[in-house]
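The values are calculated or read from the model by the stated rules, or taken from the named source; none is laboratory data. In this text, all values refer to a predicted model and were calculated from it rather than measured experimentally. Heads up, the Cβs are rebuilt from the backbone with ideal geometry, glycines too, and the neighbour counts pull from every protein chain shown. Heads up: the accessible areas ignore ligands, DNA and RNA and are worked out on the full protein's heavy atoms, side chains in. Shrake-Rupley method; radii C 1.70, N 1.55, O 1.52, S 1.80 Å.
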Amino acid sequence: MIGRTIAGWLEQFLFYRESDRWISVLRIGLGLQVTCLCLALRRDWIYLLSSDARALISRDLMEAALNAQSSLIPRLGWLVRGAGGLGLSESTTLWTVWVALILAGCFLVIGFFSRIAAVVAWFLYLCVARSVGYFSYGVDNLTIIGLFYLMIVPLGDGWSLDSIVRHRSGNSQLVSFFRRILQIHMCLIYFFGGFSKLAGAGWWNGTNLWRALTVPPFHFVDPEFVLRWKLFLPAAGLVICGLEFLYPIFIWPRPTRNIWLIGICMMHLSIGLTMGMFLFAFIMIVLNIAAFAPVTGNLGAVFRRRGAGVLGSDDGA
């Protein structure tokens, strides 16, 4: 009896009728993220990724260090060697990867061949991020996580060209299942992030926040301004820790969900504006909105109904 009750609760929790609007948010947000990140790196693309003297640090050195973890982790060296067998230079291959990422990002934004675009974006972005491991940080890992979800969710969401032009739509129960997994994943990220912050003294006395706001390259705010408000730094640090550590508790109940969602999004927006980590703030806001924001409706279904109505009126005429 208890086992059947738990199984019934799990089924209701994981499989329920859900709008696919959250997938649209995730798809468009990740498409913009990949596109903007590539555009931001366009001047330094070869400088960061080359294996010759033009590179900041040779990519070969980066990938040799990567081999210490696993030789199976995707990397740009695979693509460069494969393209070299076809007579393409390293520089040509690297720029081809850049163009392919831009195109994949644009295809994700408009929702055209979304599955292929998601797979291409995930694989190429993973290769790039792992080949510059010393320079990558949280934004890269979170973008890779988001693209992985986008590869496996039921695509053909209501705001995509795939749905409007090719009349594809996802299974609503599978849509709900993957959203639940994303929600649980976000809870784990914030819980352990908040727990690790609370374990150190730096967030209790404001030291970590002071360092984050004043130490290059994150010193977007005038240090004198930060100094004037230094008494508020410990309180601000504890608010950040509380938002993250208590996220799994207050993000689920309906009465507190929107309050916590707005609070966590404002926190990331503040991080972006004060530390210049705009893409990190953007991907975190996208993941939070996709996971927990109220979503209703299906734009593709509306277009299809309207199109069917127009065709029906023409036939009747």
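Results, tabulated for the structure shown:
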quantity	calculated
Within the range 242-255, tally of residues that are open to solvent by less than 40 Å² (accessible area, probe 1.4 Å) and either touching a helix residue (DSSP H, G or I) at 6+ places or on another chain (Cβ under 6 Å) or under 13 Å from residue 284 (Cβ atoms) (or both)	5
The lone exception for residue 171 - which of (1) over 21 Å from residue 284 (Cβ atoms); (2) modelled with pLDDT of 80 or more; (3) open to solvent by 70 Å² or more (accessible area, probe 1.4 Å); (4) not β-branched (Val, Ile, Thr) it fails	(2)
Subset of the range 55-64 (residues that are surrounded by fewer than 15 Cβ atoms within 10 Å (Cβ to Cβ) and either on the phi > 0 side of the Ramachandran plot or at pLDDT 75 or above (or both))	64
Set 271, 264: member being buried (at least 16 other Cβ atoms within 10 Å of the Cβ) and at pLDDT 95 or above	264
Filter pass, residue 189 being within 21 Å of the chain's Cα centre (by Cα), outside the structural domain of residue 139 (by TED's automatic domain parsing) and free of Cβ contacts under 8 Å to residues at least 12 places away in the same chain	yes
The range 7-24, residues that are in contact (Cβ under 8 Å) with a residue 12 or more places away in the chain, of a type outside the set (Phe, Trp, Tyr), in a helix (DSSP H, G or I) and open to solvent by 20 Å² or more (accessible area, probe 1.4 Å)	14, 21
Checking residue 259 against (1) open to solvent by less than 70 Å² (accessible area, probe 1.4 Å); (2) over 24 Å from residue 149 (Cβ atoms); (3) assigned to a helix (DSSP H, G or I), the condition it does not meet	(1)
Those residues of the range 85-129 which are without any contact (Cβ under 8 Å) to a residue 24 or more places away in the chain and open to solvent by 40 Å² or more (accessible area, probe 1.4 Å), in sequence order	85, 86, 87, 88, 89, 92, 96, 99, 103, 116, 120
Residue check, residue 244 under 24 Å from the mean Cα position of the chain (by Cα) and among the acidic types (Asp, Glu)	yes
Counted residues, the range 174-199 - those being open to solvent by 40 Å² or more (accessible area, probe 1.4 Å), of a type outside the set (A, V, I, L, M, F, W, C) and over 19 Å from residue 10 (Cα atoms)	2
Residue in the range 25-54 that is most open to solvent (accessible area, probe 1.4 Å), counting only those that are assigned to a loop (DSSP other than H, G, I, E, B) and within 18 Å of residue 126 (Cα to Cα)	41
